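Report on one structure; see the data block that follows.
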Amino acid sequence: MEKAAILGVYDFIAYSLCKYMLNDGMEIVGVHIASKHDDYFTDEKRMEIGRNANFSEISFKEWKTTGENELMIISLYDHFNKDGTKEEITKGIIKKLENMDRSSQTLILILPARLASKHEKLADSQLDLLRFIEKMQISVLEIYLPTIYGPWQPEEYFFQQSLNYLEGESSIPVIAKWEWTHDALYIEDAVETIMELAESGKEGKYFFASGKINLWRSCIDELLGKQTESILRKAERTPEIKDFIKVMILKKNENISIGLLNQKEQYFRIRESKG
């Protein structure tokens with residue numbers, strides 16, 4: 001693969017995928033969906049990859065789903081999590097895909113783990129998008145991800161909240177209703193596995209898992225130590241995954257101490273650059 005378009009390029013997962021592919025020499029068109037989360041961090045990411053001659057950025061409005069790109073990545077991990085479900089964006093994606101040249105492209109759809117749960121009730125707009133994609137005559141790789149941690153994790157996630165809390169920059173962290181507390185994966189491990197599947201020509205629906213017991217909780221223990229018990233709510237039972245989604249245990253699992261250290265170091269770099 002030589003060319004790709006990434007929708008939601010400054011989202012957590014999409015941004016890491018973009019950097020990975022740029023380092024691999026691919027040409028990337030980054031499609032930016034402006035939101036209330038556009039802030040200093042978006043600008044930092046833009047500066048980091050904007051210097052690469054193989055990267056170009058366009059707005060969602062400008063984006064045309066032509067056949068120039070061999071790979072299209074639609075990252076809805078953040079959008080269906082912390083942003084909730086904005087119908088205008090979901091409908092806009094469907095409208096763009098209706099005009100897509102379907103002769104040569106592969107589509108990768110990145111979704112949060114909770115949408116793979118048997119008992120999760122999806123919003124109408126979420127269902128409309130997933131059903132539309134299922135009917136498309138195109139190769140689709142659908143990836144469901146648990147909590148992902150590492151550099152650039154958004155501040156709404158419990159791990160990043162905990163880092164802010166330990167530095168005295170925020171109140172006691174609170175677990176959002178949408179956060180997947182049953183497992184965790186390091187960002188680079190997840191990205192490498194996604195790209196390995198894409199490059200192998202795989203299709204279908206995959207749920208990524210660490211294969212380890214209580215890894216999310218182990219990360220919190222690493223971050224908060226003795227304070228964990230007073231902050232965490234009671235752990236819930238791991239939801240059942242829909243039968244038609246294949247659970248994939250990742251071959252590589254970064255040591256959590258190293259992964260969280262990398263996230264901390266990124267946090268301090270950003271804090272210092274903010275002044």
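What follows is calculated from the coordinates using simple rules that are stated; it is not laboratory data. Predicted model, so just to flag it, every value in this text is computed and none were measured. Here the Cβ positions follow ideal geometry from the backbone for every residue, glycine too, while neighbour counts run over all protein chains shown.
Overview of results
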{"read-out": "Zone of residue 202's modelled label, taken as backbone nitrogen in the range 238-271 under 15 Å from a point 7 Å along Cα→Cβ", "value": "245-253"}
{"read-out": "Extreme residue, positive dipole direction of the range 104-221, given options 127, 105, 198 (C-beta unit charges)", "value": "127"}
{"read-out": "Nitroxide proxy distance, nm - points 7 Å out along Cα→Cβ at residue 167 and residue 64", "value": "4.3 nm"}
{"read-out": "Convex hull volume of the chain per residue (C-alpha atoms, cubic angstrom)", "value": "129 Å³"}
{"read-out": "Most fluctuating residue given options 209, 176, 113, as computed from a GNM of the chain linking Cα atoms under 10 Å", "value": "176"}
{"read-out": "Relative packing of peptides 42-55, 189-202, 3-16, 147-160 - highest average C-beta neighbours within 10 Å first", "value": "3-16, 147-160, 189-202, 42-55"}
{"read-out": "Charge dipole (the chain, unit charges on Cβ, about Cα centre) - positive-most of 16, 187, 77", "value": "77"}
